[in-house]
Amino acid sequence: MKRETLGDLTVFMHVAEERSFTRAAVRLGLSQSAVSHTVRRLEASIGLKLLHRSSRHVSTTDAGEKLLATLRPAFGQIEGRIEELRHLGDAPSGRVRLTASKPAAQTVLMPILSQLVRDYPEVEIELNLDPHLSDLAGDRFDAGVRLGEFVGPDMIAVKVGPPLRMAAVATPSYFETQGVPHHPNDLDEHDCLSLRFHPHAPAYEWEFEKGEQELVKKVSGPFIFSESDVCIDAARAGHGIAFVTEPEVIRDIEAGTLQRVLADWCPPFDGYHLFYSGRRQVSSALRLVIDRLRYRE
């Protein structure tokens with residue numbers, strides 16, 4: 001195998017995982033045109049189309065998916081061994097300051113970070129839970145964790161969780177008395193529990209998509225919350241419909257405490273990413289955090 005082919009495969013894997021040439025370029029520190037040219041060169045050398053491209057989406061072809069399935073474990077082993085070598089004789093230590101939303105901390109970060117601090121007792125994690133984006137440099141954070149769509153193009157982003165879906169939920173008794181919405185426009189007749197993540201920002205608008213249809217709904221109801229867990233509590237109490245990420249309510253849905261509606265209008269979207277500035281030096285402790293949190297499908 002030629003050396004340039006190995007590099008081309010790396011670029012292809014990043015584009016396939018990010019489902020975006022732009023995000024892959026940011027992650028690799030390359031221009032979007034360079035990434036696009038590299039993938040085209042790889043496809044020409046193999047003689048197969050590896051990616052479907054459109055103005056809105058990038059997805060793998062059957063051949064691309066098979067190639068990706070081969071590359072992931074191979075590159076994962078290489079990265080793991082390099083990380084082992086990096087830490088030989090230089091155990092990571094020090095404090096890592098992270099900012100994240102509460103759902104990200106609960107569903108993605110803590111299950112992994114709790115084991116990390118056991119494995120590396122010299123590493124200390126400071127985790128600031130804030131629903132809105134922070135200025136990493138101004139607030140002296142080493143990194144942040146947010147949904148991919150909210151990460152700026154000037155940041156290095158690393159995927160730390162699987163794709164997510166939104167879930168519109170309320171109690172079965174609420175739907176028994178108020179009826180079940182079958183279309184997002186039906187929400188105009190329902191009590192909807194809103195979220196406002198910043199005191200000076202408008203309430204979050206509910207976004208729906210089905211096929212080629214996209215709808216953005218301004219909803220209203222008895223409460224507006226700044227934290228999704230309190231919003232979910234209000235839904236459990238029968239106050240109306242909450243619209244939150246699926247992992248936050250999956251146990252309620254499975255237990256029947258909450259009932260999901262409009263699921264066919266809630267397709268998967270880009271999940272959580274850890275992001276940090278490429279202009280600052282990455283400490284051994286932060287490098288360890290990044291490697292442990294990196295999502296490997």
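Laboratory data are not the source of any read-out in this text; all were calculated from the coordinates shown. All values derive from a computational prediction rather than experimental measurement. Don't worry about glycine lacking a Cβ; one is built from the backbone with ideal geometry, like all the others, and counts go over all protein chains shown.
Observations on the structure shown:
- T60 long-range amide H proximity, modeled H, under 5 Å: H52
- In order through segment 185-193: 3J(HN,Hα) via Karplus (6.51 cos²θ - 1.76 cosθ + 1.60), integer Hz, x for Gly, Pro: 5, 5, 5, 4, 9, 10, 7, 10, 9
- The phi-based Karplus calculation (6.51 cos²θ - 1.76 cosθ + 1.60; θ = phi - 60°) puts the 3J(HN,Hα) values of segment 163-179 at x, 10, 10, 7, 9, 9, 9, 7, 6, x, 5, 4, 5, 5, 8, 9, x Hz, whole numbers, x for Gly and Pro.
- Simple rule: put +1 on each Lys or Arg Cβ and -1 on each Asp or Glu Cβ in the chain, find the dipole, and look at A237, S173, S114; the Cα lying farthest toward the positive end is S114.
- Amide H within-cut-off set for T99, under 5 Å, with H built and near neighbours excluded: N128, A143, G144, V145
- Overall form of segment 166-265 per C-alpha gyration tensor (a/c, 1.5; a/b vs b/c): rounded
- Per residue, the chain reaches -11500 deg cm²/dmol at 222 nm when only DSSP H runs of four or more residues are counted, each adding -39500 (n - 2.57).
- The amide H of Y295, built 1.01 Å from its N in the peptide plane, has K159, V160, G161 as neighbours under 5 Å, considering only residues 5 or more places off or on other chains.
- For segment 155-297: relative contact order, % (alpha-carbon pairs under 8 angstrom, 6 or more apart): 43 percent
- Restriction of the GluC sites (Glu not before Pro) in segment 183-251 to DSSP coil positions whose beta-carbon has at most 10 other beta-carbons within 10 angstrom yields E212.
- For segment 263-268, putting each phi into the Karplus relation 6.51 cos²θ - 1.76 cosθ + 1.60 with θ = phi - 60° gives couplings of 4, 6, 9, 10, x, x Hz, in residue order, rounded to whole numbers and with x for Gly and Pro.
- Contact order relative to length of the chain, as percent, for alpha carbon pairs under 8 angstrom and 6 or more apart: 21 percent
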